[in-house]
1. Here is a check on your reading of the model: is PHE397 exposed (fewer than 14 other Cβ atoms within 10 Å of the Cβ), at negative phi and modelled with pLDDT of 90 or more?
2. Do you know which residues across the range 195-220 are surrounded by fewer than 14 Cβ atoms within 10 Å (Cβ to Cβ) and more than 22 Å from the chain's Cα centre (by Cα)?
3. Only one residue in ALA440, ALA448, ALA425 is surrounded by 10 or more Cβ atoms within 10 Å (Cβ to Cβ), at pLDDT below 55 and within 30 Å of PRO151 (Cβ to Cβ). Which one?
4. Kindly list the number of the only condition in (1) modelled with pLDDT of 95 or more; (2) touching a Ser or Thr at 6+ places or on another chain (Cβ under 8 Å); (3) closer than 29 Å to ASP308 by Cα that fails for TRP157.
5. Restricting the range 111-135 to residues that are in a helix (DSSP H, G or I) and more than 17 Å from the chain's Cα centre (by Cα), which is surrounded by the most Cβ atoms within 10 Å (Cβ to Cβ)?
6. For residues in the range 137-157 being in a helix (DSSP H, G or I) and of a type in the set (A, V, I, L, M), which is farthest from THR259 (Cα to Cα)?
7. Any idea which of PRO301, PRO321 is in a strand (DSSP E or B) and either closer than 29 Å to TRP386 by Cα or not polar (S, T, N, Q) (or both)?
Amino acid sequence: MASQRNVVIVGGGFAGLGAARALRSAPVNVTVVDRRNYHLFQPLLYQVATGSLSAGEVAAPLRGILGRQRNTRVLLGEMVDLDPKGKRVRLADGASLEYDSLVIAVGSETSYFGHDGWKDWAPGLKSIDEAVNVRHKILYAFEVAERIADPAQRRAWLTFVIVGGGPTGVELAGAIGEIARQTLRHDFRSIHPEDARIILLDGLPRVLMPFPEDLAQKAHRSLERLGVEIRTGTMVKDVDRDGLQVETGGQSERVEAHTVLWGGGVTMPPVAKTVAARTQAPADRAGRIKVNPDLTVPGYPDIYVVGDLASLAGADGKPLPGLAQVAMQGGAYAAKDIARKARGDARPLPPFAYFDKGTMAVIGRGAAVANVFGVHLSGLAAWLIWAFIHILYLVQFESRVVVFIKWAIQALTFNRSARLITGAAATDFDFSDAVKGSAAVPDLRPTAEARR
């Protein structure tokens with residue numbers, strides 16, 4: 001075992017985990033390093049944010065996933081520096097790891113396009129912590145509105161703005177629409193949740209720009225049926241505690257909203273700049289590292305960059321998108337090349353070729369759009385394919401069973417069992433401030449109609 005190659009994989013997401021699992025039979029020693037102890041199924045993170053699923057159903061401990069893989073160990077740590085000449089990775093705690101082959105799969109972060117202060121008022125959706133924060137903001141808004149008598153304040157609390165018309169923004173908007181019009185319909189006495197105003201903003205001409213136009217239009221109509229107000233060609237100019245300033249066609253407008261959610265744009269983590277500086281690798285405008293056709297860094301054949309951090313043109317000449325399937329295929333390719341080298345096979349692999357299986361987005365119960373192998377689907381058929389594929393790709397069998405059962409119950413009842421307001425911020429609103437200068441807090445006793 002001592003003579004075997006040491007492979008260090010930084011990141012336990014789709015790319016890193018895919019590489020680690022693909023090396024289970026290779027004559028190598030694998031070390032997976034991640035700053036969290038779990039693998040996150042990010043495409044379903046919005047369901048944690050909207051109360052459909054719990055965090056444990058979209059995440060699984062890395063040690064549990066890789067525990068039976070005898071050539072693999074998992075370390076909790078964060079990469080902060082790289083010595084490509086000495087073949088060492090340095091972690092935040094000062095420890096260093098030697099490698100013969102290195103796979104960097106650190107993923108991406110939410111981009112606020114140079115306005116990082118907006119993050120305090122408009123959380124993104126890249127981690128479980130952010131999803132729980134988003135869930136808190138959505139549910140807490142209804143709770144505050146229930147206790148406020150002033151119509152203007154109540155309206156601001158019942159206004160939900162989602163920035164970004166990609167799959168994340170569309171799925172969030174659709175889920176909030178269902179929450180307001182179905183899930184919470186009978187839960188309040190002083191407000192009507194279905195009166196909530198849901199606004200989806202995007203600076204581009206339409207939602208779901210990577211999708212074919214006919215599917216984007218169908219998604220647009222499905223969102224409108226859920227009461228979502230779609231505003232394209234709209235740029236965000238400022239975000240604060242009480243709302244945001246937007247600009248459409250040169251006209252500026254203030255939108256009063258206490259719940260602003262960010263679903264637009266990604267950027268690379270700080271370690272990306274370090275890797276580029278240490279290896280002198282070129283990077284694109286988004287900070288992604290431009291890799292060779294075999295996913296290695298130019299000049300360093302034993303350093304692979306895969307997933308969101310890698311910039312590589314696809315068959316159409318455009319950069320490959322930051323999708324889960326791109327990451328999984330890239331991780332598997334890097335592992336195959338590492339295994340080839342470990343076995344002494346001098347024949348190089350063909351260049352990495354991404355196989356596009358299609359793109360999907362769900363809008364609500366029985367409503368989705370899908371471009372599968374060039375076939376355009378929408379409605380229930382697309383939703384069933386979306387559900388099947390997402391359940392299939394969950395890494396734990398237990399999670400697949402639980403998610404299937406929860407989705408079946410939700411499809412029948414619209415119930416979202418994980419509607420929990422958690423954390424220290426659960427009572428962070430001062431109601432005395434909310435009612436100053438306004439009418440008294442409304443009578444919370446059930447009305448005669450409600451009692452019936």
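The values are calculated or read from the model by the stated rules, or taken from the named source; none is laboratory data. Quick caveat, the model's predicted, so the values are computed rather than measured. Because the Cβ atoms are built from the backbone with ideal geometry, glycine has one as well, and the counts that use them run over all protein chains shown.
1. Numbers: exposed (fewer than 14 other Cβ atoms within 10 Å of the Cβ): yes; at negative phi: yes; modelled with pLDDT of 90 or more: yes.
Yes: the conditions hold for PHE397.
2. Listed by number, the residues that qualify are ASP195, PRO205, GLU213, ASP214.
3. Details: ALA440 fails: surrounded by 10 or more Cβ atoms within 10 Å (Cβ to Cβ); ALA448 fails: surrounded by 10 or more Cβ atoms within 10 Å (Cβ to Cβ).
Every option except ALA425 fails the conditions.
4. Failed condition: (3).
5. Taking the range 111-135 as the starting set, the residues that turn out to be in a helix (DSSP H, G or I) are 116-120, 128-135.
Filter once more, so that each one left must be more than 17 Å from the chain's Cα centre (by Cα): 116-118, 120.
Numbers: ASP116: 11, GLY117: 12, TRP118: 20, ASP120: 10.
By that ranking, first place goes to TRP118.
6. Of the residues in the range 137-157, the ones in a helix (DSSP H, G or I) are 137-147, 151-157.
Imposing the further condition that a residue be of a type in the set (A, V, I, L, M) reduces the set to 138-139, 141, 144-145, 152, 156.
Numbers: ILE138: 7, LEU139: 10, ALA141: 7, VAL144: 12, ALA145: 12, ALA152: 15, ALA156: 8 Å.
Across the range 137-157, the extreme among qualifying residues is ALA152.
7. Values: PRO321 fails: in a strand (DSSP E or B).
Only one candidate passes the filter, namely PRO301.
Quick grid of which residues meet (1) over 25 Å from LEU349 (Cβ atoms); (2) hydroxyl-bearing (Ser, Thr, Tyr); (3) out of contact with any strand residue (DSSP E or B) (no Cβ under 8 Å at 6 or more places or on another chain):
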site: GLN217; (1), (2), (3): yes, no, yes
site: GLY265; (1), (2), (3): yes, no, no
site: THR279; (1), (2), (3): no, yes, no
site: ALA283; (1), (2), (3): no, no, no
site: ASP308; (1), (2), (3): no, no, no
site: LEU312; (1), (2), (3): no, no, no
site: LYS318; (1), (2), (3): no, no, yes
site: GLN329; (1), (2), (3): no, no, yes
